[in-house]
Amino acid sequence: MIITSDKTGRRVMNLYMGTGLALTALMMLAGLMLRVSQAGWMPMSPGQFYAVLTLHGAGLIVALMMCGMGGLWFLMRRETSLSASTAVAAFSLVVAGVAGVLISTLFGGFAGLYTFLAPLPFHGSWPNWSTGVFLISMALITLGWMAWCLQMLGAVLRAYGGLRGALAWDFVWHRQAFDASGRTAPPPQAFPALMAGFDGMLAGMSAMLLGVALIVRWMDTRVLINPLWAKNLTYFFAHTYANLIIYMLVALIYVGMPYATGRKYHTSAVLAVGWWCSMVLTLTNYFHHLYMDFVQPGPFQYLGELSSYLSALPVTAVTIFGALMLVWRSGMKWTLGAIFMYTGLIGWVVGGIGAEIDATVPFNVHLHNTLWVPAHFHTYLVGGCLLFAIGWVFLCVESRSQRRTGSLMRWLISLLTFGGMSVFLMGFYCAGAYGVPRRYSIEPSPGPDLAKIATIGATIMMIGFVVALLEGVRLRFGYPDQTAGGQSVQEARA
Amino acid sequence: MTNATEKVTLMRIVAGVTGAIIALGGVTAPIFSHDMTTIAVHHLLHAGMAIGAGLLALSLAPPRNERERSFWIWPAVVAPAIGILLMWPSEYAYLMTHRWLHLLDHLSIALVTLLAVYAAQAYVRGLGWFMLVLVVAMDAACAGGYGVSPGPSFLLNPVPRHNATASSARPVNAVKKAITLHAIGASLYNTMGCSGCHSVDGSKGVGPSWKDLAGYPQKLSDGKTAIADYAFLRTMILDPGKIALAGYPAGVMPDTYKAMLAGPKHPHETELNAIIWYINSLSNKAGKASEPTVPDQAAK
Amino acid sequence: MSVAVKLLITFLVFAGVAIAIFIVIAVSTKLPPRDQREVQRRGYAIRGWWFMGLFLFVIAAFAASIPFYPYMSATAALAPARKVPVIAEQYAFIMPSHLPVNTPIIFEVTSRDVNHDFGIYNPQGHLMAQVQAMPDYTNYLRVVFQEPGQYSARCLEYCGIGHAIMAKTFTVGGK
C-alpha cells in the first residue's frame, strides 16, 4: 500500500503534505516566538503578540488539515478514480486563504484570533480592511475544504455502492447475505474518508453560513448577529475541523501500522460500528466549548459531557487497541517512521486524558480558558497528528531508500523530539493547573517562569525535528537509480 | 419500461412538480402577500422555498455514472454561499416596499438553491439529497441569529427615566408593566426590522433615531412642528403616509406594520404599545403624553 | 492544594499508566514474534473487558459529576441572594469593590461589547468560579464567599488587545 506507481496520486499527496508540513514548521516558529515573549525574553507588544497568535492558530490548523487531506486523498485514489485537477484547485483555494490570513495578520495587525468570535472582529483596534481580508480568507479556505469533502464523500459513495455500502451497513447487519453476494467491505481507511467527507461538509456549511453572515455584517453594520448563535456555529465548525484532523490522519495509521508490523488489518463489524459512533459523537461533542455559557439550553451541556466521554470508546477500543494489537509481539523494526507513528498514538491518548478531564463540567469551572486548554490540544496536534504525518512521510521514504537510520541517530532524534516536547507540553499543563489564563500576552505568576521552561523544551524539540529532517533528506538520497516504479514491499524490507 | 423505472420516473415527476409549485409560491409571495413577518420567520420561509427548489433540482438531475462530473463540484460549493448573501437581513424593510425587487431576490435564492442541489446531484448521484438537507438547514439556521439578536441585557438598559421620579399618581402595577413591556419593545425593535433604519444611540439612519424622540418636537415637511406624543408615534408606525417628516422622503417607512401590530388580531395592541414604551425609555422628555395608557390591572 | 492541581496529579497518574502500557507493548517487539491470529484471539477478549470497563467508568463519572454542575436550578434562582450586576467591557469589569462574606451572591453578568469571561480568583490565587460575559445576554453565577480577603476577577475570554490587563480586585468581608 505504501508503494505506488500512481505518480499523479503521489504528486497531489506531496503537494498537500509538503505544503502542510512546511507551513507547520513556519507556524511552529511563530509559536516559539509567542512562548519566548511570554517568558519575558523577547516581549512583543500586545498588538503584535495577538496578531502572531491569530496567525499561529489559523495557520497550524489549516496546515495539519492539509496533511490529512493529502494523505487520505492518496489512499482513496487506490479505491476509485479521483480528479486530480479538482484536488489541486481545492488546494489552491486553501493556499489563497492562508496567504490572506498572513496578510491580514502580519500587515493588517488583525488580532481577532483564529476563533474570530463574533462580535470581536468588529470591535478591534486593527484596521477594518484586515477584518475583511481575514474573513474572506476563511471563506476561501472553507470553499477549498468543502470541495475536498464532496470529492471524498463522492468517492466512497461511488466505490462502495452508495451510503449504505460506504457505512458497511449490510456487512454489519446482514453478514451472511453480504458474503454470499461476493462483496467485500470497504477497507479501514475508507471510514475516515466517509467521516471526513460527511462531517466535514456539515462543518464546512456551518463555517460558510457564519462566514458569509460575518462578511455581510462587516459590509453593513446594521446587520445584527446573535452572539450565542455565532458562538455555537463557531465552535461547531472549529471543533469538527480540529477533530477531523486526527481522524483523517488515522487513515495513515490504518495503512502505515500494518505495513510496519507486517501484519494485516481488516475491516470488522466492530470497526465499522466504532466509526458510526465517532461520526455522530464528534458532532455532538462541540457543546463542551460552551460549558461556561450558562445561557446555553441546559440539555446541551449534559449532552456535551456525555458525548465527550463516550468518544473515548471507539477511539481506544477500536483504533488504539487495534494498533497495539498489531504491534504486540510483532517483531516490528523501529525505524523512524514506526517510532513517530507509535509515539503519535501515545500523544493522542495522553491528550485525550487531559481533554476528558476538561470535558467534565465541574472541572471545567477551574480549567476553562486556562493554559490547560492549549495543553491538551497541543498534545493532540504536536504529539499526535504531526507525528502521524511525519511518521507516514518517513515510512514512505524508508520503503524506497536503500539507506537505514542508525540506532544512535534514532535514539538522538527520539530523545530530543519527545523529551523536548514533554517539557514544552508540561509547561502548559502546569500553568493551567495554577490558573494561568490562556491567550495572555503578559501572564500572571507562575506563567512567565513556566514559559521559560517551555521555551527551552520547545527549542530542544525543534532541534530534534531539524535533525529528523536532515536524516530524512539523507534517506531520500538513498533511493536506488530510477526504475519504472518503486521497489516491491518485500525488497524494501530486506 | 420496467416497473422499477416507471416508479422512479413517476417519483421524479411528482417531486419535480411539487417542488416547482412550492418554489413558485415562494418566489411570487412578495407580490401576493402584504404581511411582514419577523426576520426569523422570514428565514424559515426561505428554507421552505429552498425545499421546493431542491426537489425540482433533484427531479432534473442526470443519471448516475461511474466517474465524477468534476465541473459540477464548484457550483455545488459556491452556490450556498451566494444564497446566504441574498438573504441580507437589514434590507428586509426596504424590500417590503419594493415588491418586484423582493420577487427578484426570492427568484435568485430559488435559482441558487436549485443550482446547488442540481450540481451536487450531477457531481455524484446521491449527493444532491445531502446538499438539499444542508442548504435547507442552513437557511433555517439563519433564523437563530442572522439579522436577529435579543438586544442589550436589561442590566445595560436603565429603567424608564421618568419612572425613577416617584410619580405618586402612578399605581405600582403600572411601573411593573412598563418595565416588562419596554423590554419586550426592545426585543421587537430587533426582530421586526426596526433596527434596519432606526438607531437607538442618536446616530443618523434611514429613519429618525429613537433616542430622544418621544416627547420632542418633530419638524414636518410643511414647516410646522408636532410633538412626538403617543398619537403621533402610533400614527407614524401604523399609517406612515399620514405624516411627512422634514428630511425623510415619503414612502420609505413600510406601511405593512398596521397589519402586524393592529387590527382585529391585536385587540390590545400589546406589541405596538411595547414598542412605544421602548421608544419612551430612550427619551428624557417622555411622559404621560407620550406613553401608552396603562390599565389598573398588572399585565401578564 | 487547589482543585486544578489535584486534577493535574490525576492527569499525570493516568498518563503515566497509559505511557507505561505503550512502553510494555513496544518492548514486546523485542521478544520472539507471535502469530497474528494467536494475538488476536487473546486481544479481542481483553478488548471486550476494556470496552465494558471503560463504558461503565464513563457512565459512572458522568452521573457523579452532575450534582456539581454550576448551573443554577430554578429553586436556587428563587432563594434569597444578593444580586450583583457585573458589566464587562473592553477592558474592565464594572462591579462593586466590596462584597459580603458567607452570603449567597448571584452575579448577573453581561457585556457591553464583545465576549468576555468573568473569572474569580480566591486570595490564594486559585480559579474558583467563572462564567462567560456575553453581549445581549445575562448569565447568572451563584457564589458564596466563605473566606474573607482580597479576590481578583480576571477576563478569561479573549476580548482584544487589552485582554491580559482586564482585571478587577475586590475585597470580601472585613471592614
For this session: Just need a number here: residues in the range C:72-102 that are closer than 21 Å to C:Q132 by Cα, part of a loop (DSSP other than H, G, I, E, B), touching a Lys or Arg at 6+ places or on another chain (Cβ under 9 Å) and not small (G, A, S).
Result: 3
Exercise. Give me the pairs: first residue in the range B:214-226 and hydrophobic (A, V, I, L, M, F, W, C), second residue in a strand (DSSP E or B) and surrounded by 16 or more Cβ atoms within 10 Å (Cβ to Cβ), beta-carbon distance under 9 Å, and six or more apart or on different chains, which are they?
Worked result: B:L220/B:L245; B:A226/B:Q218
For this session: Starting from the range B:228-252, keep only residues that are assigned by TED's automatic domain parsing to the domain that holds B:K204, then list their pairs with residues that are among the basic types (K, R) whose Cβ atoms are within a distance under 8 Å, requiring at least 6 positions of separation or different chains.
Result: B:T235/B:K242; B:L238/B:K258; B:D239/B:K258; B:L245/B:K219; B:A246/B:K219; B:G247/B:K219
For this session: For C:F62, state whether it is touching an Asp or Glu at 6+ places or on another chain (Cβ under 7 Å), hydrophobic (A, V, I, L, M, F, W, C) and free of Cβ contacts under 8 Å to residues at least 40 places away in the same chain.
Result: yes
Problem set entry | Scope the range C:86-107; condition within 13 Å of chain B (Cβ to nearest Cβ) and crowded, with 17+ Cβ neighbours inside 10 Å; matching residues | C:V86, C:I87, C:A88, C:E89, C:F93, C:M95, C:I106, C:F107
Problem set entry | Residue among A:F418, A:F428, A:F424 that alone is farther than 30 Å from A:F300 by Cα and either surrounded by 24 or more Cβ atoms within 10 Å (Cβ to Cβ) or among the basic types (K, R) (or both) | A:F424
Problem set entry | Pairs where the first residue, in the range A:74-90, is closer than 13 Å to A:W148 by Cβ and small (G, A, S) and the second is at pLDDT below 95 and part of a loop (DSSP other than H, G, I, E, B), C-beta under 7 Å, 6+ apart | A:S83/B:E68
Exercise. Got a number for residues in the range A:305-346 being more than 9 Å from chain C (Cβ to nearest Cβ), crowded, with 23+ Cβ neighbours inside 10 Å and more than 20 Å from the chain's Cα centre (by Cα)?
Worked result: 1
Exercise. Which residues, taken from the range C:1-30, are small (G, A, S) and more than 8 Å from chain A (Cβ to nearest Cβ)?
Worked result: C:G16, C:A20
Seminar exercise, completed: When B:Y278 is run through (1) crowded, with 18+ Cβ neighbours inside 10 Å; (2) in a loop (DSSP other than H, G, I, E, B), the failure sits at (2)
Exercise. If we keep just the residues of the range C:31-46 that are under 15 Å from A:G262 (Cα atoms) and not acidic (D, E), which is farthest from the other protein chains (Cβ to nearest Cβ)?
Worked result: C:R37
Problem set entry | Where C:P67 falls short, out of the listed (1) facing chain A (nearest Cβ under 7 Å); (2) under 23 Å from the mean Cα position of the chain (by Cα) | (1)
For this session: For A:T80, work out the one condition from (1) modelled with pLDDT under 95; (2) buried (at least 24 other Cβ atoms within 10 Å of the Cβ); (3) among the polar types (S, T, N, Q) it doesn't fulfil.
Result: (2)
Exercise. Considering only residues of the range B:1-60 that are at pLDDT 90 or above and hydroxyl-bearing (S, T, Y), which is surrounded by the fewest Cβ atoms within 10 Å (Cβ to Cβ)?
Worked result: B:T28
Exercise. Is it the case that the range B:107-118 has a residue that's within 29 Å of B:T37 (Cβ to Cβ), surrounded by fewer than 23 Cβ atoms within 10 Å (Cβ to Cβ) and either within 20 Å of the chain's Cα centre (by Cα) or modelled with pLDDT under 95 (or both)?
Worked result: yes
Problem set entry | Count - residues of the range B:171-210 that are among the aliphatic types (A, V, I, L, M) and at pLDDT 75 or above | 6
Exercise. Restricting the range C:141-160 to residues that are farther than 19 Å from C:K83 by Cβ and touching a residue at least 60 places away in the same chain (Cβ under 8 Å), which is surrounded by the most Cβ atoms within 10 Å (Cβ to Cβ)?
Worked result: C:C155
For this session: Inspect all residues belonging to the range A:168-188 and state whether any of them is more than 10 Å from chain B (Cβ to nearest Cβ), assigned to a loop (DSSP other than H, G, I, E, B) and of a type in the set (S, T, N, Q).
Result: yes
Problem set entry | Hits in the range A:126-164 (condition: of a type in the set (S, T, N, Q) and either in contact with a Lys or Arg (Cβ under 8 Å, 6 or more places away or on another chain) or within 11 Å of chain B (Cβ to nearest Cβ) (or both)) | A:T142, A:Q151
For this session: State which residue is surrounded by the most Cβ atoms within 10 Å (Cβ to Cβ) when the search covers only the range B:61-92 and only residues that are assigned to a loop (DSSP other than H, G, I, E, B), more than 27 Å from the chain's Cα centre (by Cα) and within 11 Å of another protein chain (Cβ to nearest Cβ).
Result: B:E68
Exercise. Does the range A:351-362 contain at least one residue that is touching a residue at least 40 places away in the same chain (Cβ under 8 Å), more than 7 Å from chain C (Cβ to nearest Cβ), part of a helix (DSSP H, G or I) and within 20 Å of A:L386 (Cα to Cα)?
Worked result: yes
Seminar exercise, completed: Of (1) more than 8 Å from chain B (Cβ to nearest Cβ); (2) surrounded by fewer than 24 Cβ atoms within 10 Å (Cβ to Cβ); (3) of a type in the set (A, V, I, L, M), A:L210 fails just (2)
Exercise. Surrounded by fewer than 22 Cβ atoms within 10 Å (Cβ to Cβ) and within 21 Å of B:R125 (Cα to Cα): does that describe A:G162?
Worked result: yes
Exercise. Inside the range A:413-437, can you point out the residues that are facing chain C (nearest Cβ under 8 Å) and either under 22 Å from the mean Cα position of the chain (by Cα) or more than 27 Å from A:I346 (Cα to Cα) (or both)?
Worked result: A:Y429
Exercise. Since C:A81 meets every condition but one in (1) within 7 Å of another protein chain (Cβ to nearest Cβ); (2) touching a Pro at 6+ places or on another chain (Cβ under 6 Å), which condition does it not meet?
Worked result: (1)
Exercise. When the residues of the range C:125-140 are filtered to those that are at pLDDT 95 or above and more than 7 Å from chain A (Cβ to nearest Cβ), which remaining residue is surrounded by the most Cβ atoms within 10 Å (Cβ to Cβ)?
Worked result: C:A133
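The values are calculated or read from the model by the stated rules, or taken from the named source; none is laboratory data. Keep in mind that what you see is a predicted model, and the values were worked out from it rather than measured. Positions of Cβ are backbone-derived with ideal geometry, glycine not excepted, and every protein chain shown enters the neighbour counts.
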